[in-house]
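Input: a single structure, listed below in structure tokens.
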Amino acid sequence: MIGYLIRRILAAVPVMGVVALFVFLLLRLTPGDPAAILAGDNATPEQLDRIRTSLGLNEPIYIQFYTWVAKLLHGDLGVSLISNKPILEMIGPRLEPSISVALATIILSILVAVPLGVIAAWKHGTWIDRCVMGLSVLGFSVPVFVIGYVLIQVFAIDLRWVPVQGFKSISAGFGPFFERIILPTCTLSFIYVALIARMTRASMLDVLGEDYVRTARAKGIGETGVLLRHALRNAAVPVITVIGSGFALLISGVVVTESVFNLPGIGRLTVDAVLARDYPVIQAMILLTSGIYVAVNLLIDVAYTLLDPRIRY
């Protein structure tokens, strides 16, 4: 297992290198002058030149890239052009809202969607199966912001059970923390329950017709044991892929949901940086998102090896 992990980590290094090069060149070659953004519309050419010199923008592009990578290797993501703050200090407070909602969404989605998918496959062709698939279609069809506004209207405005918007750190108490993540969690779970349930159902249908499932039933193993110990274990590989990809997407920021519920997550930070042409922040956020996807894919590969003994380390 350790050797497999080392090989996977080493394979991720050139991937991150290519991502870093692509991000650097993409942002450097796009229209727009960071010096002009900082100096304003009334800046003189001399002021613009001084700003470009201080930022290193007058250097050859390969020297800029070398300097940027050297800082990255020392844990320096740079300084925001707009707020003049270190980017790490800007990202730090934004991680808790995004990670909290992502974890809660994935946990709730798994607890609801996997049993629904298993039951739908077990009762294939019945009214139960049709109801689960109908809910899945509904989950894919309704826009996220519509679900969010409906939940706000019902539970925050009409019933007044929870606050409308905002975020409270868990350090302020679990109650205020839970009250502010429950609605965005339910909003996002509506979609991910539909996705995971459909994938679970499709995977279960593939394995329920296999010979080893019929053999298990012929040996007198109960239906629950057949579904959970034999069928679900072998059907879990594509489901884990969907769960892992969804978790990475949630952490990297679901901008619409963060905007509806006024969550100060990293998704909104990325959008604000793009609108302001804050190049260092954009680069840092893309690298962070890429790193999250690489880490999640590594965890998915590890899960594959644990679920399927035919995969060699």
Using 0.36 nm times the number of residues separating Leu95 and Phe140, minus their current alpha carbon distance, what extension gain do you get? 13.5 nm
Report the relative contact order of the chain, percent, no decimals, based on alpha-carbon pairs under 8 angstrom and at least 6 residues apart. 26 percent
Span-rule helices in the chain, defined as complete DSSP H runs reaching 30 Å or more along the axis (Cα) with Kyte mean at least -1.0: 2-29, 87-122, 174-208, 279-307
Where labels lie 7 Å past Cα in the beta-carbon direction, separation of Asn58 and Ser171 in nm: 4.3 nm
In region 159-188, the chymotrypsin sites (Phe, Trp or Tyr not before Pro) that sit in a DSSP loop and have at most 16 other Cβ atoms within 10 Å of their own Cβ are Trp161
Once the Cα atoms of region 136-274 are picked out, what are the Rg and Dmax in Å? 19.7, 61
Out of (1) 214; (2) 152; (3) 182, which label holds the value of volume of the Cα convex hull per residue in Å³ that was computed here? (3)
Can you give the accessible area of Arg7 in Å² (nearest 10), computed on protein heavy atoms with a 1.4 Å probe? 130 Å²
Heavy-atom accessible area with a 1.4 angstrom probe orders Arg94, Arg214, most exposed first, as Arg214, Arg94
If I model a spin label as a point 7 Å beyond the Cα along the Cα-Cβ vector, how far apart are those points for Val237 and Ile107 in nm? 3.0 nm
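The values are calculated or read from the model by the stated rules, or taken from the named source; none is laboratory data. Quantities reported herein were computed from a predicted structural model and do not represent experimental measurements. Positions of Cβ are backbone-derived with ideal geometry, glycine not excepted, and every protein chain shown enters the neighbour counts. For accessibility, only protein heavy atoms count, side chains too; no ligands or nucleic acids. Shrake-Rupley method; radii C 1.70, N 1.55, O 1.52, S 1.80 Å.
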